[in-house]
Amino acid sequence: MAWSKAPGPEAKSLLLTAFRQALEEAHPYRLTLRALPKAKPHLILAVGKGAAWMLRAALDRYGEVHYHLTLPQGQEALGLRAVFAGHPLPDGESQRAAQEVLGLLKGLPPKARVLALVSGGGSALWCLPLGISLEEKRALTEALLRSGASIGEINTVRKHLSRVKGGRLLLATPARVQALLLSDVPGDDPGVIASGPFHPDPTTYADALAVLDRYRLAFPEARRVLEEGARGRLPETLKPQDPALKRLSHRIVGRNLDLLEAAQRFLRGQGHRAVILSDRFGGEARALARFHAELVETIRTHGLPFKPPLFLLSGGEAQVQVRGKGQGGRNLEFLLSLYAHLKAPLYALAADSDGLDGPSGAAGALLTPEVWDLGLDPRPFLAENDSLGFFQKAGTLLKTGPTGTNLNDFRLLFVE
């Protein structure tokens with residue numbers, strides 16, 4: 001039964017419980033276990049924020065199998081042997097892990113079966129630069145992340161400056177590869193998840209150069225390599241027509257929509273209306289917040305396109321163009337901008353499903369009417385990109401620690 005008046009503290013509890021329920025139902029162990037192939041692989045390669053649970057599911061099914069696991073530093077390995085590498089910026093361990101994986105694949109016979117368990121974060125965790133130093137690759141990655149470039153644009157550059165991304169790992173082995181993927185990208189393109197180490201890449205060196213031009217990034221060392229590639233002097237990434245793809249099969253085992261639908265089922269089970277707006281919202285976090293705020297005000301004023309009360313769910317991945325010296329993440333920036341645009345208080349939650357929203361140390365935060373009662377001015381915080389500072393003052397940060405999964409962003413708003 002839907003509320004007929006302000007729900008008070010019950011709304012906050014529902015937001016938090018819906019998020020926890022979504023993470024539980026879309027857990028990578030559960031998603032992977034039901035998608036594993038029948039044939040036991042000769043080698044398992046696991047990389048990304050969801051890799052430990054994905055690998056645990058595979059080992060529970062197959063028993064002892066030779067494996068290689070790469071995880072972000074600070075994440076729980078569940079008792080498994082792992083290389084802990086840098087994220088979101090690659091480090092020396094990222095390079096070592098990529099070299100080890102490349103060596104394992106090159107040594108396999110044609111009839112060998114490889115199970116690749118790939119989840120978001122793999123772009124940084126497997127990093128073997130092509131023609132540039134690791135230091136240049138780190139600096140370029142950081143500049144792209146701060147520029148507001150989309151994940152697709154960032155990966156276009158990373159693929160063309162890498163020996164392992166953009167399908168190059170498939171080209172490096174004669175073995176058959178079956179990939180199971182947790183998607184952390186809008187649209188669930190397997191070539192974008194972890195920069196597609198086994199999947200075809202339709203982009204080119206010229207496309208990568210265009211990204212650097214679009215965001216006015218110099219990086220002469222990287223530009224030299226990309227210009228050489230654009231002139232045909234370097235091998236391209238794996239292309240969609242390549243015969244090597246006959247040795248690849250893949251399945252998306254988990255995606256952002258799974259997360260949203262799990263929360264929707266929970267809320268409906270509690271007797272509340274819940275609408276999923278989209279699982280692939282992108283663009284700048286502030287523009288996305290303004291869209292959500294305008295939709296909320298239209299619902300409140302006209303009952304269009306939905307009659308209140310109801311919950312609004314959305315996912316995808318926004319970007320933040322960093323102009324100030326503050327700290328935060330795309331979900332915190334979204335909520336801060338939502339607060340700035342709304343005419344009246346509401347309950348809202350926005351969080352990254354991996355438990356870490358950018359470098360903030362929090363998964364995300366909550367908006368509640370109590371935040372409005374504090375009378376905080378959002379403008380100086382927005383000017384400095386200091387969404388973390390704002391929600392520290394508000395006292396509504398959501399801290400989960402690493403969740404062991406990565407299914408993109410989760411946003412939930414209650415409209416009275």
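The values are calculated or read from the model by the stated rules, or taken from the named source; none is laboratory data. Here the structure is a predicted model, which means the values were calculated and not measured. In this analysis, Cβ positions are derived from the backbone assuming ideal geometry, glycine residues included, and neighbour counts consider all displayed protein chains.
Couple of notes before you dig in:
- When F84 is tested against (1) surrounded by fewer than 21 Cβ atoms within 10 Å (Cβ to Cβ); (2) among the aromatic types (F, W, Y); (3) part of a helix (DSSP H, G or I), just one condition goes unmet, and that condition is (3).
- Against the test of being assigned by TED's automatic domain parsing to the domain that holds N406 and surrounded by 15 or more Cβ atoms within 10 Å (Cβ to Cβ), the options A18, A57, A46 yield a single qualifying residue, A18.
- Count - residues of the range 106-163 that are of a type in the set (D, E, K, R), over 18 Å from the mean Cα position of the chain (by Cα) and within 24 Å of R233 (Cβ to Cβ): 5
- The range 330-361: number of residues that are farther than 13 Å from N408 by Cα and not aromatic (F, W, Y): 18
- If you go through the range 282-315 and keep only what is under 16 Å from the mean Cα position of the chain (by Cα) and either at pLDDT below 95 or among the acidic types (D, E) (or both), you end up with G282, G283, E284.
- Residue among A344, A351, A362 that alone is in the same structural domain as S278 (by TED's automatic domain parsing) and not in a loop (DSSP other than H, G, I, E, B): A351
- Any hit, the range 280-303, residues being assigned to a strand (DSSP E or B), among the polar types (S, T, N, Q) and surrounded by fewer than 19 Cβ atoms within 10 Å (Cβ to Cβ): no
- Looking across D184, D213, one residue alone is in the same structural domain as K137 (by TED's automatic domain parsing), under 27 Å from L23 (Cα atoms) and among the acidic types (D, E). It is D184.
- Here G120 passes the criteria (1) closer than 24 Å to G254 by Cβ; (2) out of contact with any strand residue (DSSP E or B) (no Cβ under 7 Å at 6 or more places or on another chain) except the one numbered (2).
- Consider the range 157-190 and keep the residues that are touching an Asp or Glu at 6+ places or on another chain (Cβ under 7 Å) and modelled with pLDDT of 95 or more. The one that is nearest to A139 (Cα to Cα) is K159.
- Exactly one residue among D377, D386, D409, D373 is assigned by TED's automatic domain parsing to the domain that holds R20 and either of a type in the set (S, T, Y) or under 30 Å from L181 (Cα atoms) (or both), and that residue is D409.
- Here V371 meets each of (1) under 17 Å from N331 (Cβ atoms); (2) at pLDDT 95 or above; (3) assigned to a loop (DSSP other than H, G, I, E, B) with one exception, condition (3).
- One residue stands out among those in the range 98-125 that are touching a Phe, Trp or Tyr at 6+ places or on another chain (Cβ under 8 Å) and either free of Cβ contacts under 8 Å to residues at least 24 places away in the same chain or under 12 Å from L181 (Cβ atoms) (or both): the one that is surrounded by the most Cβ atoms within 10 Å (Cβ to Cβ), which is V118.
- Cβ pairs under 7 Å, 6+ apart, first in the range 139-164 and over 13 Å from G196 (Cα atoms), second outside any helix (DSSP H, G or I) and of a type in the set (V, I, T): R146/V322; G148/V320; L161/I132
- Just one of the listed residues (Q241, Q264, Q270) is of a type in the set (S, T, N, Q), out of contact with any Gly (no Cβ under 9 Å at 6 or more places or on another chain) and over 30 Å from R30 (Cβ atoms), and it is Q241.
- Inter-residue pairs, beta-carbon under 6 Å, first crowded, with 24+ Cβ neighbours inside 10 Å and in the range 186-200, second polar (S, T, N, Q), 6+ apart: V192/N155; I193/S183; A194/S123; S195/S123; S195/N155
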